[in-house]
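Structure first, commentary second.
Quick note: the coordinates plus some simple rules give every number you see, no bench work behind them. Computed from a predicted structure; not experimentally measured. For neighbour counting, all protein chains shown are included, and Cβ atoms are generated from backbone atoms with ideal geometry for every residue, glycine included.
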Amino acid sequence: MQILPTLLLLCSAWHTLSLHAPSLAPSRPSLALSVRARGSAPKSSLSLSQASSEFRKNMNPARQDVDSSRPLRVVMKFGGSSLADASRIDYVANLIKSQIADSIRPAAVVCSAMGKTTNNLLNAGDFALSSAVNVDAIRTLHMNVIEEFNLPNTTRVEVEQLLTELTALLQGVNMLKELSPRSLDMLVSYGERMSVRIMSARLNQLGVPALPFDAWTLGFRTNSDFGDAALLPETEENLRKAFKERIDPATVAVVTGFVGHDPQGRITTLGRGGSDLTATAIGAACNLDEIIVWKDVDGILSTDPRMVPNAVPIPAVSFDEAAELAYFGAKVLHPIAMMPAMKKGIPVRVKNR
């Protein structure tokens with residue numbers, strides 16, 4: 001029987017996979033993990049080694065060549081709420097370190113902007129249009145994290161340079177009284193660009209070798225549809241070549257989500273689900289074992305919990321089922337963001353951090 005590409009949804013990180021070190025958070029009830037093809041029965045709770053074996057056994061035939069004796073190679077994606085402040089940055093950095101200790105090694109970690117930074121950047125753009133330039137809240141958030149962890153001076157200099165560029169952009173907006181879609185994409189990109197530099201520095205402090213990358217330096221190429229750009233076909237080969245030739249397998253590439261470059265080298269954003277798309281594009285291009293998307297919700301639920309309080313997480317769905325759920329209003333994953341994984345038959349897991 002051919003096994004269809006499956007989207008794996010882990011309903012909670014508090015599972016027997018030991019995704020968190022015990023010191024990081026209090027214990028919670030374990031939830032069952034299931035891996036299934038359409039129509040098959042869900043499986044029950046699994047240990048780490050059992051889970052790894054089940055993943056490989058049930059994957060699409062293209063994934064069955066995975067060597068069970070080596071660590072799982074994955075890409076992880078963290079959204080803004082996961083990186084809201086210094087405590088969350090530290091939590092995620094330690095989580096990544098604990099995952100590596102559990103033989104789940106990220107080739108890349110895709111980061112969104114910290115907390116409400118994207119909204120603050122949009123507000124700063126509106127304020128520059130109507131009144132004056134003010135990036136105080138954005139500066140305070142990022143510099144406080146740098147101060148709290150005493151991050152290296154190189155990180156401080158890089159973040160300060162980005163803040164200087166951001167201020168100059170807003171000064172231009174204020175002078176011209178114009179904020180075009182192209183300028184807006186450049187404006188919001190600063191959040192991700194500062195975030196990856198801070199996360200990379202914190203990982204290095206914890207003994208996890210890491211390097212920050214703006215997505216376009218790894219080959220993310222898009223069309224020029226500012227605000228809702230689509231990836232161009234050459235992106236896959238660009239990424240494969242970059243990870244093979246430029247990044248040591250022992251180093252975690254901390255990559256900006258949501259952004260790319262058009263053929264003219266202008267910054268673009270990928271629209272809804274853009275950071276998830278960044279992660280799945282890397283996973284597909286590098287032929288990784290899994291794509292792990294960390295959310296602040298318990299996966300995809302059986303119905304809208306605002307309407308049905310006893311809604312329950314769905315252990316596993318196919319990509320087609322996930323697309324149908326999204327069509328009818330589920331917002332956990334956007335179908336377009338899942339396309340690279342679907343084409344390669346790479347499992348996607350959603351975890352609650």
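Listed by chain and number, the aspartates and glutamates placed with their C-alpha closer than 14 angstrom to that of K177 are D126; residues fewer than eight positions away on the same chain are left out. In this label model, D85 and Q264 are separated by 4.2 nm, measuring between points 7 Å along each Cα→Cβ vector.
Summarising the amide proton neighbourhood of G345: residues at separation of 5 or more, or on other chains, whose placed amide H is nearer than 5 Å comprise an empty set. Lys and Arg at +1, Asp and Glu at -1: add these up for the other residues within a Cβ distance under 13 Å of S224 and post the number. So the surrounding residues net to -1.
Each label was represented as a point 7 Å from its Cα along the Cα-to-Cβ direction; for R246 and T154 these points are 1.6 nm apart. When the charge dipole of the stretch 122-223 is built from unit charges on Cβ atoms (+1 for Lys and Arg, -1 for Asp and Glu) and taken about the Cα centre, the candidate among T217, L203, Q161 whose Cα reaches farthest toward its positive end is T217. Convex hull volume per residue, computed on the Cα atoms of the stretch 109-237, equals 107 Å³. Separation of the stretch 197-269 from the stretch 173-196 is 18 Å, based on Cα centroids.
Net charge of the neighbourhood of R266, taken over other residues with C-beta under 10 Å away and scored Lys/Arg +1, Asp/Glu -1, is -1. Working from the Cα coordinates of the stretch 204-292, the gyration tensor eigenvalues give, after taking √(5λ), semi-axes of 22, 13, 13 Å in decreasing order.
Put a plus charge on the Cβ of each Lys and Arg, a minus charge on the Cβ of each Asp and Glu, and nothing anywhere else: the dipole of the stretch 107-181 about its Cα centre is then about 120 debye. Tell me which GluC sites (Glu not before Pro) from the stretch 119-201 have a DSSP coil assignment and no more than 11 other beta carbons within 10 Å of their own. Counting only loop positions with at most 11 other Cβ atoms within 10 Å, the GluC sites (Glu not before Pro) in the stretch 119-201 are E178. The fewest-to-most ranking of R73, R197, R306 by surrounding Cβ atoms within 10 Å reads R306, R73, R197.
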